[in-house]
1. What are the pairs with Cβ atoms under 6 angstrom where one residue, in segment 143-164, is under 14 Å from Lys211 (Cβ atoms) and the other, located anywhere, is of a type outside the set (A, V, I, L, M) and surrounded by 21 or more Cβ atoms within 10 Å (Cβ to Cβ)? Sequence gap at least six, or different chains.
2. For segment 231-242, give me each residue that is without any contact (Cβ under 8 Å) to a residue 24 or more places away in the chain and open to solvent by 50 Å² or more (accessible area, probe 1.4 Å).
3. So, in segment 266-282, of the ones that are open to solvent by less than 60 Å² (accessible area, probe 1.4 Å) and of a type outside the set (Ser, Thr, Tyr), which residue ends up nearest to Leu158 (Cα to Cα)?
4. Of these, Phe171, Phe185, which one is at pLDDT below 95 and either buried (at least 22 other Cβ atoms within 10 Å of the Cβ) or of a type in the set (A, V, I, L, M, F, W, C) (or both)?
5. Is it the case that Ser225 is part of a strand (DSSP E or B), among the small types (Gly, Ala, Ser), farther than 12 Å from Asp153 by Cβ and modelled with pLDDT of 95 or more?
6. Criterion first (farther than 28 Å from Glu202 by Cβ, of a type outside the set (Val, Ile, Thr), in a loop (DSSP other than H, G, I, E, B) and open to solvent by 50 Å² or more (accessible area, probe 1.4 Å)) does Ser330 satisfy it?
7. If we scan segment 177-184, do we find a residue that is free of Cβ contacts under 8 Å to residues at least 40 places away in the same chain and polar (S, T, N, Q)?
Amino acid sequence: MKKKNLSNLTDFLSDDSFVNWVRYGNENTAIAEEWDIWLEQNPDKQVLVSEAKNYLTLLNSPVKPMDVSSKELLRSKILGQIGQNRSTSSSDDKNIRSMIPWNKMVWYAAASVVIIASVLALRVLNVDTDSSNASLIVQSNAAGDVTKISLSDGSEVLLSTSSTLQYLDNFDKTKREVTLIGEAFFNVVPDPNRPFIVSSGEVLTEVLGTKFNVKAYVGEDIEVSLTEGKVKVIENDNSDNQLVLSPSERAIFAKHSSTFEKTPFEEEYATAWMDRKIVFREADLNVIKSQLEKWYDVEINYLNQPSSETRLNAEFVKEPFDKVLKTIGSTLGFDFEVEGKRVEIDFLSEEN
């Protein structure tokens, strides 16, 4: 597959092949393989691709449902707005670049586009709120960042690493709704007349006032862990499939089977990320890979895997990536090589 001039966010959003890969890659192995090969040949585009995928995922889970034609209209409007901004603000861009470290430029550029998209979404969708001046806000965290967000009703959200929260700056009179991709802890102010709803892909979490954690990263099962009060978790496309949680209970929604499982959980472990702790409890290789990629913005590739089942128990607090990798490598028995954001892990022979 030959790709030309894919050098910025607009290029990716304009590329039909890229859009189809993000939307249907799990169903179309051919297009998924093509893009996997392209990414291997263009490792410098990893961060840009990640941001473009995150943006398109947001487009697929707005505050109000959109049909296909509306989504395409919104995407075309956004691309047009990006072009206008680029042509009218070149001098401002130079001033901004002089103030922002080079390694943050890609992130700020992507974040600004998402904000533009949010404003346009309001105009297209005509979201009803208490104020005609209400805006749709999108807060996105880069790898390793944790951000505190105060909502208009007094509720507070702690947004985890590599996560995005979308919400109105002025909730309407009947409900308070936000959209989450990633992980966040919610401390919701009670309001019996306006339920608080967290939309996280296949699952809706509905509360009146409580404290709970939602983990809903793309491609992973969804977890809702309750620390105080009571919540109801509902499958988005099947309202009959729901659970009510009490404190210290967690609901796990398995995407492959569309089923809920209720389990107890350890609050200290589930919310360790709030103190920027990375905690592994009997973690397998997939969990280790997922956690490290979220926190350190890397791509990990296992060159081989041990024949025996590997589990890790460890905790890290604000440790540099190389130190974390050395510690895990010493524990599990592997060597590693880091080149930019790509990490190759080679497990040692069990005979050594």
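1. If the second residue must be of a type outside the set (A, V, I, L, M) and surrounded by 21 or more Cβ atoms within 10 Å (Cβ to Cβ), the pairs left are Val157/Phe186; Leu158/Phe185.
2. Result: Asn238, Ser239, Asp240, Gln242.
3. Among them, the one singled out is Met274.
4. Phe171
5. So Ser225 passes the test.
6. For Ser330, the condition - farther than 28 Å from Glu202 by Cβ, of a type outside the set (Val, Ile, Thr), in a loop (DSSP other than H, G, I, E, B) and open to solvent by 50 Å² or more (accessible area, probe 1.4 Å) - is not met.
7. no
Listed here are the residues, each with its yes/no results for (1) closer than 18 Å to Glu177 by Cα; (2) free of Cβ contacts under 8 Å to residues at least 12 places away in the same chain; (3) open to solvent by less than 60 Å² (accessible area, probe 1.4 Å); (4) among the hydroxyl-bearing types (Ser, Thr, Tyr).
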position: Asp191; (1), (2), (3), (4): yes, no, yes, no
position: Glu206; (1), (2), (3), (4): yes, no, no, no
position: Gly209; (1), (2), (3), (4): yes, no, yes, no
position: Gly229; (1), (2), (3), (4): no, no, yes, no
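The values are calculated or read from the model by the stated rules, or taken from the named source; none is laboratory data. These numbers come from a predicted model, not from an experiment. Note that each Cβ is placed from the backbone with ideal geometry, even for glycine, and that neighbours are counted across all protein chains shown. Remember, those area values only see protein heavy atoms, side chains included, never the ligands or the DNA or RNA. Shrake-Rupley method; radii C 1.70, N 1.55, O 1.52, S 1.80 Å.
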